[in-house]
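Undergrad: Next up is a structure, given as structure tokens.
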Amino acid sequence: MRSIWVVLKKEYLTRIKNKTFIIMTFLAPVLIALFYGGAIYFATVGAEDHSAKTVYFNAPYWDLESDELAFDDYTFIPALPDSKSMLDEIESKKMSGWLQINDKDIHVLDSAELIGGSSFSVTELQKLNNHLKTRAHEYLLMEAGISDSTLRLTEVRGGVKALEIDNEGDIANSNTTLKSAVGFAMAMIIYMFIFIYGSMVMRSAMEEKTNRIVEVIVSSVKPFDLMLGKILGVALVGLTQFFAWIVLSIALLGGLSYAFSSDANSIPQEANNLPVHEIISGFQSLPFVDIIVVFVLFFLGGYLLYSSIFAAIGSAVNQETDVQQFMLPVSLPLVFGFIIAQSVVFQSPNGHLAKVFSMIPLTSPIVMAVRAPFDVPLTEIIGSFVVLLLTFVFMVWLSAKIYRVGVLMYGKKPSWKDLWRWIRQS
Amino acid sequence: MFADLSMLKVSHVYKYFDDQCVNNDICLELKQGEIFGLLGPNGAGKTTLMRMLATVTTPDRGDIFIQGESLSSKHVPLIGYMPEERGLYRKMSVVDQLLYFAELKGLSRSQAKENVKKWLHQLDIVHWADKKMEELSKGMAQKIQFISTILHEPKFLILDEPFSGFDPVNADMVKDLIIKLKNEGTTILFSTHRMDNVEELCDRLAIIHEGRKVLDGTIEEVRRNHFKNEYDLNFSEPISIPEDIKFRKLEQSKSFSIRVTLNKEESYQDLLDWAYKTKKLKAFGEYLPTMHEIFVNKVSNR
């Protein structure tokens, strides 16, 4: 136990003190904040061209007011009788264009033309088209004798709402889409964590081998203790980094949103149309405690299992380039878990296939995370976690065997057959 | 003063790699406070044996006892091991590195700190303490490597080729430290193929060849056991050996001296009589083969 602690402390402290770690921990949230801040800024402000633009228009067969067409920075004025001077003005960029609607029958707008249309962007053209079509639609309705109020009476809103019976026996919103999103986000975090920090464990084992430190280490500490110390030490590094990122991100995003909210006009119109209240109340209705417990359990369990496999790989190979042949088969179950998560779990989160794959330890961290918001039975969670944990202990034991032999084998690149021999040998 | 206490006993130890027997029925016994040399050509199985003694691997058959107890991981604090393949963490500072190794060997943090300080002082390298290993020269790293091996004051020190890879200055430092540690009661087992080190340092030795122990004993015993009835004679002036001499001439390296090998039935007394009569004899003595000769003889004649 003591040597696990000594190894853990060393693995943790050397990494935490490392310059790259400090830089990455502080820089990553700043970079992410800059990225999103920049994206939001350019989406709302930067892209628009704010100079006012005027367009001539004439619609001889249609009673159309100029202010019915205006949008954004575009205003429309009736066309002049002299078409030559209008075209000159458009050519010299004084005016932005000339819209002619020569259709007699506005059921089909096929003789509507916009001269100088190249100064319009795709979205602007779409807006103009929508305006025209809406006006035409209203015009036709009026001709048919249907008033605005009649029309509003016939409008249908809403749709089927998915409900569920919660733990207290009450009926509540089930928020399936939101749950899927939350589950998927958690699976993504687990996936990334496993790869970033799992490969850190691998490099740590590899460093000891390539720098020939390992014999001294193995003579001082049991490989099992060494492995466990490494895996837990790096896990703590990862958690420290994650925690720092979360705190820094919240601080930065908080600062950014404050900066943006003080300039309320810059928030695009669409943002206000989002069902913000629905999302917030949806979040509140999620079984948060359950989700977080499942997430933490399978996040740690998944990392522990995979990093013990990565550690074995690190102790078997001689150089980074040899890693690939072992990495692929190891990362396949994770990728597979994702595919399962997308296809099966989204369709029936508590179906048979979903249950099976959330029991298999190599896929369970991903699949269970995605299922977490969908009221997974407690027995399944406990069962799956126990299987995961047992597999982890078994893998550390197995990796320690590979480590004991593998680290003393220099020179040739090991094959799968060699690994099996080493396991039996030690 | 430690003469009768057994530090290490290796009893009929076998180790196989696949089907190849790397250690075949090895028996050794080391007394407390002695320096024991393990000799053998490359691939003889020295490193394999030392790894088992250092608890890196375990024997396939046979037993190893340390201070009378069956060797296990609980004896790690007793043992110091410097493998032939050595290295240190490149990104760690000297002091962190030494503390880590000392703590792994079971020292408390405060004890580890005290020992690190002591050794850095003793070797006059306190100013390196905060340097990272990658900033040190190879010779400096070698010093740190040796300190890391003895930092926890092991009772039993295993050194695999301690002089290989070390520059002459550091090799001398290691030699001096080995003698110092021996005088403090440490039992030391080291492997080498440099015979000058063996004759200089070892109380006893064993030669291993193709996995088997082919001999062991004190240097004196071993050399005496390999005495081949050879005598060295030195003369005050050049001497030509008469044709009719009945003794078999072995070699006459210089005209002043000859080496003679006697048959079983011949007595050295007759040789001495003959030499005496020349009236030029300055010195007469038996010739004991050097460790080098014995070594070469043992590993090539099998």
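Undergrad: For the range A:112-158, give me each residue that is on the phi > 0 side of the Ramachandran plot and surrounded by 12 or more Cβ atoms within 10 Å (Cβ to Cβ).
TA: Applying the first criterion (on the phi > 0 side of the Ramachandran plot) to the range A:112-158 yields A:116, A:145, A:158.
Across the range A:112-158, the qualifying residue is only A:116.
Undergrad: Spot the failing condition for residue B:163; the list is (1) in contact with a strand residue (DSSP E or B) (Cβ under 9 Å, 6 or more places away or on another chain); (2) more than 15 Å from residue B:83 (Cα to Cα), and only one is missed.
TA: Condition not satisfied by residue B:163: (2).
Undergrad: Then there is this: Which one of A:9, A:17 is surrounded by 15 or more Cβ atoms within 10 Å (Cβ to Cβ), among the basic types (Lys, Arg) and on the phi < 0 side of the Ramachandran plot?
TA: A:9
Undergrad: Kindly establish whether residue A:13 is assigned to a helix (DSSP H, G or I), under 26 Å from residue A:247 (Cα atoms) and more than 14 Å from chain B (Cβ to nearest Cβ). Working first, answer last.
TA: Working: assigned to a helix (DSSP H, G or I): yes; under 26 Å from residue A:247 (Cα atoms): yes; more than 14 Å from chain B (Cβ to nearest Cβ): no.
The answer is no for residue A:13.
Undergrad: If you don't mind, another one. Confirm whether residue A:135 is more than 14 Å from chain B (Cβ to nearest Cβ), more than 30 Å from residue B:87 (Cβ to Cβ), among the basic types (Lys, Arg) and in contact with an Asp or Glu (Cβ under 7 Å, 6 or more places away or on another chain). If you could, list the steps in order and put the result at the bottom.
TA: Values: more than 14 Å from chain B (Cβ to nearest Cβ): yes; more than 30 Å from residue B:87 (Cβ to Cβ): yes; among the basic types (Lys, Arg): yes; in contact with an Asp or Glu (Cβ under 7 Å, 6 or more places away or on another chain): yes.
Criteria met by residue A:135.
Undergrad: Could you pull out the residue among A:266, A:257 that is of a type in the set (S, T, N, Q), surrounded by 11 or more Cβ atoms within 10 Å (Cβ to Cβ) and modelled with pLDDT under 65? Talk me through it step by step, then tell me what you get.
TA: Numbers: A:257 fails: modelled with pLDDT under 65.
None of the others qualify; the one that does is A:266.
Undergrad: If a residue has to be out of contact with any Phe, Trp or Tyr (no Cβ under 7 Å at 6 or more places or on another chain) and assigned to a loop (DSSP other than H, G, I, E, B) to count, how many in the range B:46-103 make the cut?
TA: 17
Undergrad: Here's something else I'd like to know. Tally the residues that are of a type in the set (D, E, K, R) and assigned to a loop (DSSP other than H, G, I, E, B), restricting the search to the range B:18-45. Break it down into steps so the answer makes sense when it comes.
TA: To start, the set of residues in the range B:18-45 that are of a type in the set (D, E, K, R) comprises B:18-19, B:25, B:29, B:31, B:34.
Then keep just the ones that are assigned to a loop (DSSP other than H, G, I, E, B); that gives B:18-19, B:34.
Residues meeting the conditions: 3.
Undergrad: If I ask for residues that are β-branched (Val, Ile, Thr) and in contact with a strand residue (DSSP E or B) (Cβ under 9 Å, 6 or more places away or on another chain), which ones from the range B:166-190 would you list?
TA: Let us first name the residues in the range B:166-190 that are β-branched (Val, Ile, Thr), namely B:169, B:174, B:178-179, B:186-188.
Hits for the range B:166-190 are B:174, B:178, B:179, B:186, B:187, B:188.
Undergrad: Now for a different question. Residues in the range B:101-115: is at least one more than 13 Å from chain A (Cβ to nearest Cβ) and among the hydrophobic types (A, V, I, L, M, F, W, C)?
TA: Scanning the range B:101-115, I find no residue that is more than 13 Å from chain A (Cβ to nearest Cβ) and among the hydrophobic types (A, V, I, L, M, F, W, C), so the answer is no.
Undergrad: Just for the range B:32-44: of the residues that are out of contact with any helix residue (DSSP H, G or I) (no Cβ under 8 Å at 6 or more places or on another chain) and modelled with pLDDT of 90 or more, which one is farthest from the other protein chains (Cβ to nearest Cβ)?
TA: Just the residues of the range B:32-44 that are out of contact with any helix residue (DSSP H, G or I) (no Cβ under 8 Å at 6 or more places or on another chain), to begin with: B:32, B:36, B:42-43.
Checking the rest, the ones that are also modelled with pLDDT of 90 or more come to B:32, B:36.
On the way: B:32: 21, B:36: 18 Å.
Among those residues, the one meeting the criterion is B:32.
Undergrad: Does residue B:130 qualify as being more than 11 Å from chain A (Cβ to nearest Cβ) and closer than 24 Å to residue B:34 by Cα? Can you show your working first?
TA: Details: more than 11 Å from chain A (Cβ to nearest Cβ): yes; closer than 24 Å to residue B:34 by Cα: no.
It is false that residue B:130 is more than 11 Å from chain A (Cβ to nearest Cβ) and closer than 24 Å to residue B:34 by Cα.
Undergrad: I would also like to ask the following. Quick one: residue A:62 ticks every box in (1) crowded, with 16+ Cβ neighbours inside 10 Å; (2) within 14 Å of another protein chain (Cβ to nearest Cβ) bar one, so which box is it?
TA: All conditions are met except number (2).
Undergrad: Show the residue pairs meeting these rules: Cβ distance below 8 Å; 6+ apart or different chains; first residue within the range A:378-394 and at pLDDT below 90; second residue surrounded by fewer than 16 Cβ atoms within 10 Å (Cβ to Cβ) and in a helix (DSSP H, G or I).
TA: none
Undergrad: Same structure again: Restricting to the range B:45-70, what's the tally of residues that are basic (Lys, Arg) and within 10 Å of chain A (Cβ to nearest Cβ)?
TA: The total comes to 1.
Undergrad: Taking the stated definitions as given, is residue A:113 in contact (Cβ under 8 Å) with a residue 12 or more places away in the chain, in contact with a strand residue (DSSP E or B) (Cβ under 9 Å, 6 or more places away or on another chain) and assigned to a strand (DSSP E or B)?
TA: Numbers: in contact (Cβ under 8 Å) with a residue 12 or more places away in the chain: yes; in contact with a strand residue (DSSP E or B) (Cβ under 9 Å, 6 or more places away or on another chain): yes; assigned to a strand (DSSP E or B): yes.
Judged against the criteria, residue A:113 is a match.
Undergrad: Identify all residues within the range B:71-100 that are within 22 Å of residue A:14 (Cα to Cα) and within 11 Å of another protein chain (Cβ to nearest Cβ); write none if there are none. So that I can check it myself, show each step before the final result.
TA: So the first thing to find is which residues in the range B:71-100 are within 22 Å of residue A:14 (Cα to Cα), and the list is B:86-100.
Matches in the range B:71-100: B:86, B:87, B:88, B:89, B:90, B:91, B:92, B:93, B:96, B:97, B:99, B:100.
Undergrad: Further question on the same structure: So which residues in the range A:180-209 are surrounded by fewer than 19 Cβ atoms within 10 Å (Cβ to Cβ) and within 14 Å of another protein chain (Cβ to nearest Cβ), if there are any at all?
TA: A:203, A:207
Undergrad: Kindly indicate which of A:109, A:69 is buried (at least 17 other Cβ atoms within 10 Å of the Cβ), closer than 19 Å to residue A:126 by Cβ and at pLDDT below 85. Explain how you work it out, then say what you get.
TA: Details: A:109 fails: buried (at least 17 other Cβ atoms within 10 Å of the Cβ).
Criteria check complete, one pass: A:69.
Undergrad: Same structure again: Which of the helices (runs of 4 or more DSSP H) found entirely inside the range A:271-342 contain at least 1 residues meeting this: within 28 Å of residue A:380 (Cβ to Cβ), among the polar types (S, T, N, Q) and modelled with pLDDT of 85 or more? Give the steps one after another, and end with the answer.
TA: On the way: elements: A:276-285, A:288-316, A:324-340.
Hits in the range A:271-342: A:288-316.
Undergrad: If you don't mind, there's one more thing I want to ask. What is the number of the single condition among (1) under 19 Å from residue B:26 (Cβ atoms); (2) assigned to a helix (DSSP H, G or I) that residue B:110 does not meet?
TA: Among (1) under 19 Å from residue B:26 (Cβ atoms); (2) assigned to a helix (DSSP H, G or I), the lone unmet condition for residue B:110 is (1).
Undergrad: Tell me whether the range B:139-155 contains one or more residues that are of a type in the set (Lys, Arg), within 12 Å of chain A (Cβ to nearest Cβ) and within 20 Å of residue B:96 (Cβ to Cβ).
TA: Step one: list which residues in the range B:139-155 are of a type in the set (Lys, Arg), which gives B:143, B:155.
So of that shortlist, the ones also within 12 Å of chain A (Cβ to nearest Cβ) come out as none.
Within the range B:139-155, not a single residue is of a type in the set (Lys, Arg), within 12 Å of chain A (Cβ to nearest Cβ) and within 20 Å of residue B:96 (Cβ to Cβ).
The values are calculated or read from the model by the stated rules, or taken from the named source; none is laboratory data. Predicted, not measured: the structure shown is a model, and the values here were computed from it. Don't worry about glycine lacking a Cβ; one is built from the backbone with ideal geometry, like all the others, and counts go over all protein chains shown.
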